[in-house]
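S.K.: Got a structure here, written out as structure tokens. Questions coming.
The values are calculated or read from the model by the stated rules, or taken from the named source; none is laboratory data. What you see is a predicted model, and the numbers here were worked out from it, not measured in a lab. Cβ coordinates were reconstructed from backbone atoms using ideal geometry, including for glycine residues, and neighbour counts include every protein chain displayed. In case anyone asks, the SASA skips ligands and DNA or RNA and just uses the protein heavy atoms, side chains included. Shrake-Rupley method; radii C 1.70, N 1.55, O 1.52, S 1.80 Å.
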Amino acid sequence: MRARQYILMLMGVLMAGIAPAQQISIKSIQDIVTPPDTIEIFTLDDFAKVVLANHPVVKQADLLPDNAQQEIRLAKGMFDPKLTANWDTKRYKDTEYYNIFNTALKVPLWFPIDPKVSLESNRGVFLNPENTNPQSEDFRQITAGVSLPIGRGLFIDSRRAAVKEAELFVQISDAERIKMINKVLLSAVKAYWDWYFGYFEFRMVDQSFNISNDIFNLVKKDFEFGELAAIDTVQAAITFQNRSTERQSALIDFKRASLQLSNFLWGENEEPLEIQDNVAPVWDVAFQMPVETMDSLVVYAINNHPELQKLDLKIQQLSVNEQLAKENLKPRVDLNYNFINSPINYQGEFNNPVFNNNYKFGLELEFPLFLRKEKGKLKQTQLKIDQTNYESQYTAQQIVNEVEGAYFEMFNGRQMVSLLTQAVGNYERLLQAEIFNLDLGEGDLFKINFQQDELLEAQIKLIKQQVNIEKSKAELYWAAGVPYLKFIPNN
């Protein structure tokens, strides 16, 4: 019987003009994933460079430091010198009731001694006596002096607090920028690996489809030679149809993944780009563990994670508010002292100042009796500090758990890749053996279909596991708060 099978097989081969080994080809996984010459490779590093260079969210994040610098500029604007002038006159029935002119230059300083120089020119019949200047001085007078708070506002006031908060806001914006970029990069990297999975899944399913097509053609020839029953062709046709459906489904998934990847591709002029059909990822199962240990990444995250930095800086801002609230519990006692016509007079001549003569002095005192507003503000600020401290502790623990979880998944997944790679090789040999038996007329279509299903499942598991490891690697750096997830940023 076996000799007859060999003779019939040889006759069929001669009639077909094709050698049996050429009818059905089982490619190794390396042969399947080798890109054609027409394909342009698009690596993860190339993709990350495009995202960092042109993505709208990245560009939006890059504006945060500039905005923070403007906050400092706004706060420091309260220390800008100020020139004021006022002119008020009245003339009625040829009588000059009054003609009052006053101009002053104030120069706020960081330490609360605010110098002030003013020039007055007052005259008139009905002028208020306190505004009267001697006629011998042409009704003009120059005063120069300072105001000094010796109670509330001596150590800190709203102006200095605003500048300190703005300076801290610059650091907060830097942390927020890294956080925003890392978040969009993590989503982009995951989209890349989904695209990677979709592409190679389709390549594997396409290989299975080609094998089913070859088997179906071989079974038809054997049926024509009377070696197989008609039901075998039906079974082979059903398997071929199922592979066709799986191939179409894999193609749809790959196209959907391509569109998701295109969401992160933008041109230099903010125009959206789309991944082209001749672009593909490069197959790489040689996964490399990070050079950092898990403990070092945990320590780095605790000290440098953008979210923890933001919370720490927020606490520092609240501490400034607490200091200001405590300062406002003090009574307001403001001293004003101004020399009259010295060290320069109305004619522009310099005079030696005399403290006990030719001066204006003032004292202003204010103190709320119950301090309910000030105490309420202080207590609110202290409660916010406590809340932020609790939030920081909880966030730090979450970050540590995320780092450890991502590292554990990545470390253990590497061993699974090695096992799955061996399994794929074994299933390839088993399927090759079943097809060889089919060539000899002793094959079992049920076994072939089973081995083919097992091979395809192992191949897809291998790709999926590789993708999961690479996603875990990105999540590890994201969880640790590593800037740009270790990609090289654009200059």
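S.K.: Using the Cα centre as the reference, give the magnitude of the dipole from point charges on the C-beta atoms of region 298-435 (Lys, Arg: +1; Asp, Glu: -1; all else neutral), rounded to the nearest 20 debye. Each step should come with its number before you reach the end.
M.R.: Values: 14 positive and 16 negative charges, 136 e Å.
The calculation lands at about 660 debye.
S.K.: Once you have the Cα-Cα distance between residue 110 and residue 291, take 0.36 nm times their residue separation minus that, and quote the gain in nm to one decimal. All intermediate terms of the calculation are to be shown ahead of the outcome.
M.R.: On the way: separation 181, 0.36 × 181 = 65.16 nm, distance 4.83 nm.
Gain in length upon complete extension: 60.3 nm.
S.K.: Working from Cα positions, state the angle (0 to 90°, nearest 10) between the long axis of helix 44-54 and the longest principal axis of the chain.
M.R.: 30 degrees
S.K.: Here is a follow-up. Is the shape of region 210-364 best called rounded, prolate or oblate, per the rule: a/c under 1.5 gives rounded, else a/b larger than b/c gives prolate, else oblate, with a ≥ b ≥ c the square roots of the Cα gyration tensor eigenvalues?
M.R.: Numbers: a/c = 5.71, a/b = 3.95, b/c = 1.45.
Since a/c reaches 1.5 and a/b is larger than b/c, the shape of region 210-364 is classed as prolate.
S.K.: Further, regarding this structure: Within region 130-154, what residues put their amide N at less than 19 Å from the label point 7 Å along the Cα-to-Cβ vector of residue 83?
M.R.: 141-145
S.K.: By per-residue mean of other Cβ atoms within 10 Å, what is the highest-first order of 347-355, 109-117?
M.R.: Numbers: 347-355: 10.3, 109-117: 14.2.
Ranking the peptides 347-355, 109-117 by packing returns 109-117, 347-355.
S.K.: Further, regarding this structure: Tell me the label-point distance for the pair residue 352, residue 488, using the 7 Å Cα-to-Cβ offset, in nm and rounded to one decimal.
M.R.: Distance between the two pseudo-spin positions: 7.2 nm.
S.K.: I've got another one for you. Could you sort 123, 160, 203 by accessible area so the largest value comes first, with the probe set to 1.4 Å? If you can, show how the numbers build up before the last one.
M.R.: Numbers: 123 90, 160 10, 203 45 Å².
The residues order as 123, 203, 160, largest area first.
S.K.: Compactness ratio of the chain: Cα Rg over 2.2 N^0.38 Å, N = residue count?
M.R.: On the way: Rg = 41.2 Å, N = 491, 2.2 N^0.38 = 23.2 Å.
After normalising by residue count via 2.2 N^0.38 Å, the value is 1.78.
S.K.: Given the chain, what percent of its DSSP beta bridges are antiparallel, to the nearest 5?
M.R.: Numbers: 44 of 46 bridges.
Approximately 95 percent, going by the DSSP bridge assignments.
S.K.: Report the accessible area of residue 158, computed with a 1.4 Å probe over the heavy atoms of all protein chains in place, in Å² rounded to the nearest 10.
M.R.: 80 Å²
S.K.: Residues of region 178-221 with backbone nitrogen within less than 12 Å of a virtual label 7 Å along the Cα-to-Cβ line of residue 234, please, listed as ranges.
M.R.: No residue passes the distance filter.
S.K.: Residue 53 label point, 7 Å along Cα→Cβ, cut-off 16 Å on backbone N: hits in region 253-281?
M.R.: Taking a point 7 Å out along Cα→Cβ of residue 53, the residues of region 253-281 whose backbone N falls under 16 Å are 264-276.
S.K.: Using 0.36 nm per residue, how much length does the chain from residue 41 to residue 418 gain when fully extended, once their Cα-Cα distance is taken away? Numbers along the way, then the final one.
M.R.: On the way: separation 377, 0.36 × 377 = 135.72 nm, distance 2.47 nm.
Separation in residues times 0.36 nm, less the Cα-Cα distance, equals 133.2 nm.
S.K.: For the chain, find the longest principal axis of its Cα atoms and tell me its angle to the long axis of helix 372-439, 0 to 90°, nearest 10.
M.R.: Compared with the principal axis, the helix lies near 20 degrees.
S.K.: While we're looking at this one, here's another question. If each of residue 269 and residue 119 carries a label point 7 Å out from its Cα toward its Cβ, how far apart are those two points in nm?
M.R.: 5.7 nm
S.K.: What angle, in degrees between 0 and 90 and rounded to the nearest 10, separates the Cα long axis of helix 230-262 from the longest principal axis of the Cα atoms of the chain?
M.R.: Between the helix axis and the principal axis of the chain, the angle is about 20 degrees.
S.K.: Here's another thing I want to ask about it. Pull out the extension gain between residue 225 and residue 74, defined as 0.36 nm times the separation in residues minus the alpha carbon to alpha carbon distance; nm, one decimal.
M.R.: On the way: separation 151, 0.36 × 151 = 54.36 nm, distance 9.15 nm.
Going from the current span to full extension adds 45.2 nm.
S.K.: Among all lysine pairs in region 270-409 that are eight or more places apart or on different chains, how many have alpha carbons less than 25 angstrom apart?
M.R.: Lysine pairs meeting both conditions in region 270-409 amount to 22.
S.K.: Which percent of Cα-Cα pairs in region 248-312 sits in each 10 Å bin, short to long?
M.R.: Going out from 0 Å in 10 Å bins, region 248-312 shows 15, 23, 21, 33, 8, 0 percent.
S.K.: Between their Cα atoms, which of 179/471; 59/179; 49/461 are more than 22 Å away from each other? Display every interim value, and only then the final one.
M.R.: Values: 179/471 18 Å; 59/179 13 Å; 49/461 29 Å.
Over 22 Å apart, Cα to Cα: 49/461.
S.K.: Measuring from centroid to centroid over Cα atoms, what is the spacing of region 89-152 and region 353-386 in Å?
M.R.: 26 Å
S.K.: Would you mind working out the accessible area per residue for the chain, using a 1.4 Å probe, and quoting it in Å²? Please report the intermediate quantities before stating the final value.
M.R.: Values: 27880 Å² over 491 residues.
I get 57 Å² per residue for the chain.
S.K.: Rounded to the nearest 500, what is the chain's calculated 222 nm mean residue ellipticity when only DSSP H runs of at least 4 contribute -39500 (n - 2.57) each, over all residues?
M.R.: When only DSSP H runs of four or more count, the value is -21000 deg cm²/dmol.
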